[in-house]
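Take a look at the structure below.
The values are calculated or read from the model by the stated rules, or taken from the named source; none is laboratory data. Predicted model only: the values in this text are computed from it and were never measured. Cβ coordinates were reconstructed from backbone atoms using ideal geometry, including for glycine residues, and neighbour counts include every protein chain displayed. Surface accessibility is based on the protein's heavy atoms, side chains included, excluding ligands, DNA and RNA. Shrake-Rupley method; radii C 1.70, N 1.55, O 1.52, S 1.80 Å.
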Amino acid sequence: MSARVRAVVLAAGKGTRMKSARPKMLHRLCGRSLLWYVLRALADAGVDGVAIVTSGDIDERVWGLATDAGFAGAQTVRQEPQLGTGHAVQVALAALEPSEGTLLVINGDMPLIDADLIASVQRARDGNALAMVTARMPLPSSFGRVVRDGAHVRRIVEARDATDDELALDEMNAGLYAYDEAKLRAAIAELRNDNAQGEYYLTDTIGRLADRGERVVALDAGDYRAVLGVNDRVELAEAGRLINQRLCERHMRAGVTILDPATTYLEPDLEIAADVTVLPNTAIGGRSHIAAHSEIGPNSRLQNARIGQHATIADSVVVDSEIGDFALVGPWAHVRAGTEIGTGARIGNFVEIKASVVGPGVRAGHLTYLGDAEIGERANIGAGTITCNFDGEKKNRTTIGKDTFIGSNSSLVAPVAVGDGALTGAGAVVVRDVEPGERVAGNPAKPLRKKDPV
Ligand code: UD1
Ligand code: CA
């Protein structure tokens, strides 16, 4: 069995360039926090344990997102005050039991990093004091510059401390390091803060290791976009765009038709079957699952939605709900949390449904509110039907039997039940239960005689 691989994730920086009351690591892109992406990449690279350096009062939120990313029970280490990346690693090392072998250190603000690069830098460390990822990047850049001594790295100079000659170097420090832990521990103790920012720079460990004749090797990231850091909201938007593009490409390669990736907004961890079509201006998030041959969009938003096969969702919103095979939702429907729509049901324009079970083959075509309701198969819900589920104090349930006909503009005042095969006339205000097969109309609704028109 291979040794346990540990990583220190630097996530305590003030993030001043975000100009935000929210900690930088908790800013979101494609439905996840900035920090989540680095943690997910570490988990995918087979890292066994992480120590996340944090500041302020964000531990609980960090545990939540770490668990979601694949590290249940992640260790957090508080860094107060934040005196730089070198100081952050000092604080982490003080909290970690010393161990032999490699220790990964990674900036928490590089959400485009992928697992393969993390695995590669670990391998590149073998026999060296440090392997670090670097990237060629267009100038100007605020990244630390890599000063080489032939094949090896001699030191890193931060952009703010660099001479003009150093600023002209286009090989940058990415912020992902695989250290020999014992050598890191020795070098980190010697850091000083005599630089432009008055901070303890982790990057100074590199010059110190080289001074002692230790070997520091660079691993080229290839495409520099994979190591972009997020420091302000412009970079946040750019990173979000690149992640979204990657997600769209992954699904398209797996057989999903996406008409316009530029206006399709996806999140990680979606399950979209081959031969699903996604039309423009559509956002699909949370743990949504879409089965084959369904069509989603245009202008739609799905959040934690489970969509069956051959379903159509057009110009509509579906949140925390399930839509059955062959069902048709929209245009302009709003399916709210806790709803199940049965096979082949048709939910049309301006229909809002909340916490309801809608049976197979039900038709609710126009201008309707169904809340806390159970609707039997093949019921026909006329235009303007309202389940009056709120009595001013609490929510009450409505039950509508199968094969019922609910006339246009019926108000069903809950709690109330309409039996199988029953009918309500147009404009009925139903305040009492309706027996199976019974026909009622009026306000308040009363049984009709056989010859009464409906
Ligand atoms: C850092 C590197 C730079 C590299 C760049 C790559 C240093 C000194 N510089 O610069 O060489 O090119 O990343 O993106 O390391 N953090 C803490 N505690 C602190 C300060 C920072 O945990 O006291 C965390 C931040 O939350 C962030 C990471 O460390 O995730 C990097 O800090 P940041 O201030 O963004 O460093 P850069 O200026 O980007
Ligand atoms: Ca940064």
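Residues of the stretch 362-371 that are open to solvent by 20 Å² or more (accessible area, probe 1.4 Å) and either more than 11 Å from residue 348 (Cα to Cα) or aliphatic (A, V, I, L, M) (or both): 367, 369. Close contacts from the stretch 181-197, counting a first residue that is in the same structural domain as residue 157 (by TED's automatic domain parsing) and a second that is away from ligand 1 (no atom under 16 Å from the Cβ) and open to solvent by less than 10 Å² (accessible area, probe 1.4 Å), with Cβ to Cβ under 9 Å and a gap of 6+ residues or different chains, come to 183/129; 184/129; 187/129. Within the stretch 8-35, the set of residues being β-branched (Val, Ile, Thr) and surrounded by fewer than 20 Cβ atoms within 10 Å (Cβ to Cβ) comprises 16 only. Contact map, the stretch 432-446: first residue without any contact (Cβ under 8 Å) to a residue 12 or more places away in the chain, second residue β-branched (Val, Ile, Thr) and part of a strand (DSSP E or B), Cβ cut-off under 7 Å, separation 6 or more or different chains; pairs are 446/440.
Rundown of residues vs (1) crowded, with 20+ Cβ neighbours inside 10 Å; (2) within 16 Å of ligand 2 (Cβ to nearest atom); (3) closer than 30 Å to residue 19 by Cβ, yes/no style:
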position: 227; (1), (2), (3): yes, yes, yes
position: 233; (1), (2), (3): no, yes, yes
position: 241; (1), (2), (3): no, no, yes
position: 247; (1), (2), (3): yes, no, yes
position: 251; (1), (2), (3): yes, no, no
position: 254; (1), (2), (3): no, no, no
position: 258; (1), (2), (3): yes, no, no
position: 264; (1), (2), (3): yes, no, yes
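Matching residues to (1) closer than 22 Å to residue 227 by Cβ; (2) assigned by TED's automatic domain parsing to the domain that holds residue 209; (3) crowded, with 17+ Cβ neighbours inside 10 Å; (4) among the hydrophobic types (A, V, I, L, M, F, W, C):
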site	(1), (2), (3), (4)
62	no, yes, yes, yes
91	no, yes, yes, yes
109	yes, yes, yes, no
132	yes, yes, yes, yes
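Consider the stretch 168-183 and keep the residues that are open to solvent by less than 10 Å² (accessible area, probe 1.4 Å) and near ligand 1 (Cβ under 9 Å from one of its atoms). The one that is farthest from the chain's Cα centre (by Cα) is 172. Selection of first residues in the stretch 92-116 that are farther than 22 Å from residue 32 by Cβ and of second residues that are more than 16 Å from ligand 2 (Cβ to nearest atom) and polar (S, T, N, Q), restricted to Cβ pairs under 6 Å at least 6 apart or on distinct chains, gives the following pairs, ordered by first then second residue: 102/122. With respect to (1) at pLDDT 95 or above; (2) within 16 Å of ligand 2 (Cβ to nearest atom), the lone exception for residue 196 is condition (1). Go through the residues of the stretch 40-53 one by one and say whether even a single one is among the β-branched types (Val, Ile, Thr), assigned by TED's automatic domain parsing to the domain that holds residue 198, open to solvent by 10 Å² or more (accessible area, probe 1.4 Å) and within 12 Å of ligand 1 (Cβ to nearest atom). Within the stretch 40-53, not a single residue is among the β-branched types (Val, Ile, Thr), assigned by TED's automatic domain parsing to the domain that holds residue 198, open to solvent by 10 Å² or more (accessible area, probe 1.4 Å) and within 12 Å of ligand 1 (Cβ to nearest atom). Taken over the stretch 72-87, the criterion of being out of contact with any Phe, Trp or Tyr (no Cβ under 9 Å at 6 or more places or on another chain) and over 16 Å from residue 14 (Cα atoms) is satisfied by 75 alone.
Scanning the stretch 270-285 for residues that are surrounded by 15 or more Cβ atoms within 10 Å (Cβ to Cβ) and touching a Lys or Arg at 6+ places or on another chain (Cβ under 9 Å) yields 270, 282, 283, 284, 285.
Does residue 178 satisfy the criteria of being in a helix (DSSP H, G or I) and assigned by TED's automatic domain parsing to the domain that holds residue 45? Here the answer is no, as residue 178 does not meet what is asked.
With respect to (1) β-branched (Val, Ile, Thr); (2) surrounded by fewer than 18 Cβ atoms within 10 Å (Cβ to Cβ); (3) within 25 Å of residue 120 (Cβ to Cβ), the lone exception for residue 5 is condition (2). Taking the stretch 97-107 as the range and being open to solvent by 20 Å² or more (accessible area, probe 1.4 Å), on the phi < 0 side of the Ramachandran plot and more than 14 Å from ligand 1 (Cβ to nearest atom) as the test, the residues that pass are 97, 98, 99, 100, 102.
Please determine whether any residue of the stretch 350-361 is over 36 Å from the mean Cα position of the chain (by Cα) and surrounded by fewer than 17 Cβ atoms within 10 Å (Cβ to Cβ). For the stretch 350-361, residues over 36 Å from the mean Cα position of the chain (by Cα) and surrounded by fewer than 17 Cβ atoms within 10 Å (Cβ to Cβ): absent.
Screening the stretch 1-103 for strands (runs of 3 or more DSSP E) wholly inside it with 3 or more residues that are more than 30 Å from residue 192 (Cβ to Cβ) returns no ranges. On the basis of being touching a Lys or Arg at 6+ places or on another chain (Cβ under 7 Å) and outside any loop (DSSP other than H, G, I, E, B), does residue 242 make the cut? For residue 242, the condition - touching a Lys or Arg at 6+ places or on another chain (Cβ under 7 Å) and outside any loop (DSSP other than H, G, I, E, B) - is met.
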